Amino acid sequence: QVQLVESGGGLVQAGDSLRLSCVVSGRTFSTYRMGWFRQGPGKEREFVARISWSTSATYYADSVKGRFIISRDNAKNTVYLQMTSLKPEDAAVYYCAADNPPVIGDYDYWGQGTEVTVSS
């Protein structure tokens with residue numbers, strides 16, 4: 001119903017910037033929000049940011065406020081995560097997810113992930 005494909009991960013140095021992309025296909029008309037999550041080595045998955053599919057309203061985890069920006073381009077069916085001032089603790093596999101009906105706040109569809117490595 002909804003397919004998500006992330007891209008843009010790679011190896012960067014601390015302080016660098018990187019933009020992740022998530023291409024969305026399927027029943028996007030019914031999607032409430034798109035979210036970015038990440039899972040670092042030996043850590044649990046954590047929420048990073050979300051954006052309303054229709055209005056672009058955003059919300060961020062405290063750990064990334066002021067450094068990361070989530071955005072969307074509905075014409076391209078794409079959600080972005082612009083990351084700046086990257087830190088070693090940002091290294092993780094980043095996942096794009098879609099929050100669909102009937103429950104707002106859960107995430108029903110997930111991408112395969114794209115890995116971000118940050119060296120110091």
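The values are calculated or read from the model by the stated rules, or taken from the named source; none is laboratory data. Just so you know, these numbers come straight off a predicted model, no measurement behind them. A quick note on method: Cβ atoms are made from the backbone with ideal geometry, for glycine too, and the neighbour counts reach across all protein chains shown. Heads up: the accessible areas ignore ligands, DNA and RNA and are worked out on the full protein's heavy atoms, side chains in. Shrake-Rupley method; radii C 1.70, N 1.55, O 1.52, S 1.80 Å.
Summary table
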quantity: Number of positions in the range 51-75 that are without any contact (Cβ under 8 Å) to a residue 24 or more places away in the chain, among the basic types (Lys, Arg) and open to solvent by 60 Å² or more (accessible area, probe 1.4 Å); calculated: 1
quantity: Val48 being modelled with pLDDT under 95, among the aliphatic types (A, V, I, L, M), open to solvent by less than 10 Å² (accessible area, probe 1.4 Å) and under 18 Å from Ser7 (Cα atoms); calculated: no
quantity: Counted residues, the range 1-55 - those being of a type in the set (Lys, Arg) and more than 15 Å from Thr78 (Cα to Cα); calculated: 3
quantity: Residues of the range 15-36 satisfying the condition of being closer than 27 Å to Val118 by Cβ, surrounded by 15 or more Cβ atoms within 10 Å (Cβ to Cβ) and not hydroxyl-bearing (Ser, Thr, Tyr); calculated: Leu18, Leu20, Cys22, Val23, Val24, Arg33, Met34, Gly35, Trp36
quantity: Yes/no for Ser56 being part of a loop (DSSP other than H, G, I, E, B), at pLDDT below 95 and not aliphatic (A, V, I, L, M); calculated: yes
quantity: Cβ pairs under 7 Å, 6+ apart, first in the range 108-119 and over 16 Å from Gly8 (Cα atoms), second part of a loop (DSSP other than H, G, I, E, B) and open to solvent by less than 20 Å² (accessible area, probe 1.4 Å); calculated: Asp108/Asn100; Tyr109/Asn100
